[in-house]
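The values are calculated or read from the model by the stated rules, or taken from the named source; none is laboratory data. Bear in mind the structure is a predicted one, so any value in this text is a computation, not a measurement. No Cβ is skipped: glycine too gets one built from the backbone with ideal geometry, and neighbour counts run over all protein chains shown.
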Amino acid sequence: MKHAALPEIGISQILGLVELLAGKGGREDIYKLAGELSMELGETLAVIKAAETLGLVHTPGGDVVVEDFGNKVVDASITDRKDLIRGKLAELPLFKTIHDYLAREEGTEVTREEMLEKLAELIPNEDAEASFSSIVSWGRYSELFGYNDDSQTFYLGESRAG
Amino acid sequence: MTPDAHTLLEFKNVTRRFLLPQGEVTVIEDISFKALEGEFITIVGPSGAGKSTLLRMMNGLLAPSSGEVRYNGVTQKGINFETAMVFQNFGLLPWLTVSQNIELGLGARSKDAAYRKSQVNRYITKVGLEGYEEAYPRELSGGMKQRVGLARALAVEPSLLLMDEPFSSLDVLTSINLRNELLDIWSDRDNVVNTMIMVTHNIEEAIELSDRILILSNRPGKIAGELKVDLPRPRRKRDPLFSEYVDRVFSLLA
């Protein structure tokens, strides 16, 4: 299975982008969008790529277009949005592999160090530290797994640390 | 909001002066307005117009030098526990987790630990923070931090929510997202709070969000004008009527 790094972009920015585009009728020129937001083009592209990874938008030519799934997320309530995005995240190969890894280790603690090693193995060309923080934040957002920064360990489902 | 809506908060000829080394300075001068139940009011004005001073008189942290602040028809004395505040820089304690930060405001109001826990969980869900319960502020993006600030304010179930430039330290896309979510929360009839007063220096933000805009003039802060925003939501910046409102606010500020 090919593992792509998770987007290192927060969910709020991604949702903001899709909401903005939906308000503009669902389509915008990427270069124009970056100018309008006073954001660097590279930064704008990173958010767009993250939204694309989650199936919220696609990018034909130089445009960014909201997918049906993106419109569904925009129209959903705060809690329903989370459920919709959780479903998409669960399908991403890196996310699935990590979830399976945690499930196999269930009962033993997976530490920060062990996760960094696992990431280095799964996505060797990426910065493991940077991917680590997005694994933690996307894991939390989707509630598929959690991380306790006091004990520096991962867990599935409800926290055992309490 | 109905025309005969109940007046929740009223400022009557409120003036606030501060004693500074260079002498006495009037920050707020003769401000009168009413906030009706169910209204979303924004206050715009240049920096130094006394916007934060106004908010602190609304929650009772500061008393007026002259004039009167009334809440539900009663003259306000001391802190008003029916209000809660959301801050620009989130106001989170770094050594506490998300859940503990949200529980903070409840501690002063209820000794019932089970009630506090259920309120924390309820508002964590409302703002979309499930999964982040035991994260620390340092692990969160700005957008998530402000969700914590919002949940903490909502958890005490205030009848009036006060916000001091809540989106101005967030990046542009995150602030779009949080503005939309705030409107969802405001219009959610399940929530206790349906009256909001927000200070902002962003005119477009004021037009996008509020029913009514109070425009402050600078030094001392006085009400230079008031504008009712009569546009259906969601409001779009490309709408020509939206631009007309921007122009009107600018002309009142000038």
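Does segment B:204-217 contain any residue that is basic (Lys, Arg) and touching a residue at least 40 places away in the same chain (Cβ under 8 Å)?
At the first step, the residues of segment B:204-217 found to be basic (Lys, Arg) are B:212.
Next, only the ones that are touching a residue at least 40 places away in the same chain (Cβ under 8 Å) stay: B:212.
Within segment B:204-217, one or more residues are basic (Lys, Arg) and touching a residue at least 40 places away in the same chain (Cβ under 8 Å).
Would you be able to tell me the number of residues in segment B:148-182 that are more than 8 Å from chain A (Cβ to nearest Cβ) and either surrounded by 24 or more Cβ atoms within 10 Å (Cβ to Cβ) or in contact (Cβ under 8 Å) with a residue 60 or more places away in the chain (or both)?
Total meeting the criteria: 21.
For segment A:103-162, which positions are without any contact (Cβ under 8 Å) to a residue 24 or more places away in the chain, surrounded by fewer than 18 Cβ atoms within 10 Å (Cβ to Cβ) and of a type in the set (Gly, Ala, Ser)?
Of everything in segment A:103-162, those that are without any contact (Cβ under 8 Å) to a residue 24 or more places away in the chain, surrounded by fewer than 18 Cβ atoms within 10 Å (Cβ to Cβ) and of a type in the set (Gly, Ala, Ser) turn out to be A:Gly107, A:Ala120, A:Gly157, A:Ser159, A:Ala161, A:Gly162.
Would you confirm whether any residue within segment A:128-137 is at pLDDT 90 or above, within 17 Å of A:Ser12 (Cβ to Cβ), part of a helix (DSSP H, G or I) and not assigned by TED's automatic domain parsing to the domain that holds A:Leu54?
yes
Restricting the first residue to segment A:35-46 and requiring it to be in a helix (DSSP H, G or I), which pairs with a second residue that is aliphatic (A, V, I, L, M) meet a Cβ separation below 6 Å and a spacing of at least six or different chains?
Taking only residues 6 or more apart or on different chains, the pairs are A:Leu41/A:Ala34; A:Thr44/A:Ala34; A:Ala46/A:Ile9.
Can you find a residue that is surrounded by 20 or more Cβ atoms within 10 Å (Cβ to Cβ) and either of a type outside the set (A, V, I, L, M) or assigned to a helix (DSSP H, G or I) (or both) anywhere in segment B:190-202?
Of segment B:190-202, the ones surrounded by 20 or more Cβ atoms within 10 Å (Cβ to Cβ) are B:195-200.
Still in the list and also either of a type outside the set (A, V, I, L, M) or assigned to a helix (DSSP H, G or I) (or both): B:195, B:200.
Yes, segment B:190-202 contains a residue that is surrounded by 20 or more Cβ atoms within 10 Å (Cβ to Cβ) and either of a type outside the set (A, V, I, L, M) or assigned to a helix (DSSP H, G or I) (or both).
Can you list the strands (runs of 3 or more DSSP E) lying wholly within segment B:34-144 that have 3 or more residues being out of contact with any Pro (no Cβ under 6 Å at 6 or more places or on another chain)? First the steps, then the outcome.
Details: elements: B:40-44, B:66-71, B:83-86.
Here the list reads B:40-44, B:66-71.
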